[in-house]
Each structure stands twice: as C-alpha cells, then as structure tokens.
Amino acid sequence: MAKILVVDDEKSIRSTLKDILELEKYKVDQAGDGFECLVKVKQNNYDIIILDIKMPKMDGMEAIDRLTELSPDTPIIMISGHGTIDTAVEAVKKGAFDFIQKPMDLNRLLITIRNAMDKSCLITEKKTLQKKVNNKLETVQMIGNSKGIKQVKDTIERVGPTEARVLITGENGTGKELVARSLHAKSSRSGSPLIEVNCAAIPSELIESELFGHKKGSFTGAYKDRVGKFESASGGTLFLDEIGDMSLSAQAKVLRALQESRITRVGEEKDIQVDVRVFAATNKNLREEIAKGRFREDLYHRLAVIIVEVPALNERKDDIPLLVNHFVDNICKEYGMAPKKVVGTAMKALQNLSWTGNIRELRNVVERLIILSKEEITKKDVELFVTPSSGDKSGINRLIDKFDDLPSLQAYVKNEYIKHKDDVTVV
C-alpha cells in the first residue's frame with residue numbers, strides 16, 4: 001500500500017485529504033508545517049509528499065529544498081491557495097512533480113497522484129534493475145584466447161564507447177547475452193540500466209505492451225497503466241534478444257522508436273521521448289528471414305550498424321580448458337565446495353566432444369561433473385556422466401539430420417509405421 005504524507009497548516013484540509021486518499025486505498029500520514037514534515041521524512045519512507053506552500057515556521061518552498069536532499073526520489077506535489085504562474089514555475093524548478101492550486105480539483109489531484117506513483121515505481125524499478133546490472137557487470141568477462149573470441153573482444157573495445165547499435169549473431173548458447181553486457185559495460189551508459197527482453201519468450205499479442213507499455217483498459221487484462229521496456233531503459237541500453245522471432249507489427253513500432261526516439265503506449269496517442277541505445281541478438285539468418293518476408297529490411301539496416309558474430313564452441317575448442325576451469329571455480333564457490341581438479345585426460349575428452357549446445361551446454365556439463373564426481377574429475381567421469389547429445393549423435397539425432405524439417409520427418413515415421421504396423425505389439 002502506497003504511503004502519502006500530507007503537509008498543510010490547516011487541519012481541516014489535512015483531514016479531508018486523509019479521508020479521500022484512504023478511500024482510494026492509500027496510507028496517509030500528516031504534518032502541520034515544514035519542520036514536522038522534515039522530521040517525519042527522516043523517520044519514515046513516503047511514496048508521495050503533498051506539500052502546502054504557505055505555512056508557519058517553515059514554508060513549502062524552503063521545505064522542498066531540504067526534501068530534495070533528504071528524499072530525492074520522492075515525488076512532491078505542491079498545493080497553494082495563493083499560487084501564481086511564477087510560483088508554480090519556481091516550485092517545478094525546485095523539483096516539484098506538479099503544482100495544484102486551491103481549492104483543489106480532487107479528480108485532478110487523484111490523477112496527479114497516480115502519475116506520481118508511476119514515476120516513483122519507475123525510479124524504484126530502475127534502481128532494482130541497476131543493482132542487478134551492476135552485479136552482473138562485476139562478473140562480465142569473456143573467457144578465451146582463440147582468434148574468433150579475440151576478434152569479438154576487439155570489436156567490443158572499439159564499439160562499446162560509441163552510441164552505435166549492434167546486432168549480435170550466433171548459435172544458441174554461444175554467449176550473445178554476455179557480448180551485450182560487455183558492450184554496455186564499456187559504454188558511457190554503464191551507470192544506467194541494461195534492460196533485457198527475450199522476444200521469443202513473449203506472446204506476439206503482448207510484445208508491444210511489453211516493449212512500449214500500455215494504458216489501463218486498453219485491452220483485456222490491462223488493469224493498470226504499465227511502463228514498457230523502452231521507457232524503463234531510457235538513458236541506458238535495451239537488449240532485444242531473439243529479435244528474429246518478433247512479429248512484423250512489433251518490428252514496425254521498434255523501427256519508429258529507433259528512427260524518432262519516440263514511443264507510444266498501447267491505448268494512448270501521446271508520444272513519449274526516449275533515449276535508448278539498442279543491441280539486438282538472433283540465432284537466425286536475418287537476410288534469409290527478409291527474403292521470406294518475415295523480417296523488415298529497413299529494421300535490419302537500423303539494427304546492424306555493427307555486426308558481431310559470436311563463434312560456436314566447436315570453432316574454438318582451444319578455449320575449452322579455460323572455460324572449464326572458469327566454470328569449475330565459479331560453480332564450486334556457489335556450492336561452497338573446494339575447487340575440483342580436472343585431470344588432463346578428462347579435459348581432452350571434453351575437447352573431443354561435439355558441443356551442439358555451445359557454452360551453455362558446457363557449463364551444464366561441468367556442473368554435473370562437479371556434483372557427481374568424487375575428489376577429481378576424470379575421463380571415466382566424462383564418459384559416465386556426459387549425455388550422448390554432447391558427444392556422437394544418437395540414432396534419433398542422426399535420423400532427424402536426414403530431413404529438412406519436422407513435417408518430412410513425421411511423414412517418414414508415418415510411412416514406416418504403415419509398412420511395419422503388423423509387427424507392432426501394443427501393450
């Protein structure tokens with residue numbers, strides 16, 4: 001429940017506002033002057049402060065100067081029965097969220113409070129995301145000395161400090177997200193949020209709301225206003241992962257956002273200015289997707305100012321020992337275990353496997369070996385605990401490779417069943 005501090009020297013106004021706001025499900029506290037307001041703010045956290053200007057002891061204009069130091073992220077709504085345009089302008093310059101003249105229009109006050117709550121929630125979300133980002137950035141490091149990885153690192157060093165958009169390509173599990181984080185860490189925006197969106201994980205009918213936000217009631221299930229990822233990332237970086245899976249209608253709106261640095265929430269007409277650097281990633285060949293009419297060519301050119309191709313693990317097997325040792329150290333720390341040694345023959349066995357799942361699969365395998373092995377990780381452990389998908393392909397995988405797509409495989413299986421159905425025993 002949001003908590004509001006009402007500051008006014010007139011008890012009747014404080015009581016009236018308290019009754020109205022509590023009916024709106026807000027928790028309300030009161031103060032009779034600027035000094036009492038400052039004392040309460042030092043002792044409590046408030047989501048919004050409603051502050052009168054003309055008060056004894058300390059007026060609102062003096063109080064707001066102190067409040068912006070004590071609680072800089074708390075929206076302050078100034079109210080006054082003696083207001084002028086100059087007063088309103090001065091209040092906003094001092095940091096007030098809005099200025100409302102007495103006698104107050106209660107509908108306007110409630111709308112202003114909701115808007116201020118949106119701002120407060122956005123600030124809180126940014127701080128939370130920034131904390132997560134900072135934690136991630138502290139551990140951002142690209143492991144490897146292969147030619148392909150050296151080229152990726154060199155590109156990050158050169159491109160990171162610029163404002164250029166980057167398209168990151170590569171197979172699933174190669175570390176495209178890590179490249180995006182590394183680019184952000186090298187940029188002038190590293191002190192602002194890196195907002196990550198997996199376009200493939202969001203239903204097509206919700207992707208626009210997720211990216212651009214929506215107005216309450218704009219569609220079924222829109223129970224309140226929502227701030228989108230573009231707005232949340234303003235001042236920082238937006239990472240659009242799996243952008244090849246985005247619908248064409250959403251692509252058109254992303255293109256507009258990139259061209260004009262403006263977005264429009266679903267259900268609204270008002271434009272919102274945003275300042276966002278965009279990185280995108282895909283495991284698809286976007287040139288082929290363009291030819292098939294599934295991806296906009298103009299959006300591709302907007303995104304692909306710089307293209308970073310992340311090599312598959314099978315193309316950089318010399319990096320496997322470095323990666324394995326890195327994962328062993330990190331995973332053992334997570335589990336509170338002493339680091340386990342990986343014997344030479346075990347490391348060679350890992351290098352000889354086919355890593356179709358790339359680095360993501362390698363990390364999972366290392367974690368499994370740490371858990372299931374004894375004092376050290378041996379070649380026998382690799383042979384015993386690493387699944388066939390990491391080594392030679394199983395029969396079913398070899399069968400799938402014979403066909404271009406799932407329907408052709410299904411047709412083959414159906415034909416084989418018809419030919420041999422008399423030999424099948426159902427139990």
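FYI, it's all coordinate maths here, none of it is from the lab. Quantities reported herein were computed from a predicted structural model and do not represent experimental measurements. Neighbour counts run over all protein chains shown; Cβ positions are idealised from the backbone, glycine included.
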Inset, instruction - Using the structure shown, list the pairs from LYS27/LYS93; LYS119/LYS215; LYS150/LYS186 with a Cα-Cα distance above 18 Å, or answer none. - result: LYS27/LYS93
Legend entry - Hull shadow area, averaged, region 247-290 [alpha-carbon convex hull, nm²]: 3.9 nm²
Legend entry - Share antiparallel - DSSP beta bridges, the chain, percent rounded to 5: 10 percent
Legend entry - Cut-off under 5 Å, modelled amide H: who pairs with GLU309 long-range: THR169
Legend entry - Spacing of the two label points (7 Å from each Cα toward its C-beta) at ASN44 and LYS317, in nm: 6.7 nm
Legend entry - Separation in nanometres of the label points that stand 7 Å from Cα toward Cβ, at LYS119 and LYS333: 4.1 nm
Legend entry - Solution diffusion estimate, µm²/s, Stokes-Einstein, region 3-121, Kirkwood Rh from C-alpha pairs, 10 °C, viscosity 1.306 mPa s: 114 µm²/s
Inset, instruction - Taking the Cβ of each residue in TYR335, TYR223 as the centre, tally the other Cβ atoms inside 10 Å and list the residues starting with the fewest. - result: TYR223, TYR335
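Can you give me the relative contact order of region 314-390 as a percent, contacts being Cα pairs under 8 Å and 6 or more apart? Intermediate values should be presented prior to the final figure.
Working: 74 pairs, mean separation 28.6, N = 77.
Contact order relative to length: 37 percent.
Please give the FRET efficiency for GLU10 paired with TYR223, using the beta carbon to beta carbon distance and R0 = 30 Å, rounded to the nearest 0.05. Show your work: numbers first, answer last.
Values: r = 36 Å, r/R0 = 1.19.
Rounded to the nearest 0.05, the efficiency is 0.25.
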Legend entry - Alpha-carbon radius of gyration plus Dmax, which is the widest Cα pair, for the chain in Å: 28.9, 97
Inset, instruction - Please build a GNM for the chain, connecting alpha carbons under 10 Å apart, and tell me which residue among VAL166, VAL89, VAL308 fluctuates the most. - result: VAL89
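With N set to the residue count of region 297-363, report its C-alpha Rg divided by 2.2 N^0.38 Å to two decimal places. Write out the running numbers ahead of the final one.
Numbers: Rg = 16.6 Å, N = 67, 2.2 N^0.38 = 10.9 Å.
Ratio of Cα Rg to 2.2 N^0.38 Å: 1.53.
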Legend entry - Counting all C-alpha pairs of region 139-309, share separated by more than 19 Å (%): 56 percent
Legend entry - Whole-number percent relative contact order across region 1-83, with pairs defined as alpha carbons under 8 Å at least 6 apart: 32 percent
Inset, instruction - Tell me the label-point distance for the pair GLU69, LYS380, using the 7 Å Cα-to-Cβ offset, in nm and rounded to one decimal. - result: 7.1 nm
Inset, instruction - Taking the Cβ of each residue in LEU70, LEU322, LEU5, LEU362 as the centre, tally the other Cβ atoms inside 10 Å and list the residues starting with the fewest. - result: LEU70, LEU322, LEU362, LEU5
Inset, instruction - Could you please rank HIS301, HIS214, HIS82, HIS326, placing first whichever residue has the fewest other Cβ atoms within 10 Å of its Cβ? - result: HIS82, HIS301, HIS326, HIS214
Inset, instruction - Give the residues of region 50-80 whose amide nitrogen is closer than 19 Å to a point set 7 Å from the Cα of ASP86 in the direction of its Cβ. - result: 53-55, 59-62, 79-80
Legend entry - Antiparallel bridge percentage (DSSP; both residues within region 139-309; nearest 5): 20 percent
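Express in nm, to one decimal, how much length is gained between GLU22 and ASN198 on full extension, taking 0.36 nm for each residue of separation and deducting their alpha carbon distance. Numbers along the way, then the final one.
Numbers: separation 176, 0.36 × 176 = 63.36 nm, distance 3.93 nm.
Answer, rounded to one decimal: 59.4 nm.
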Legend entry - Max mean-square fluctuation residue, GNM over the chain, Cα-Cα springs under 10 Å, options ARG108, ARG287, ARG368: ARG108
Legend entry - Rg/Rg_ref, region 252-388, where Rg_ref = 2.2 N^0.38 Å and atoms are Cα: 1.56
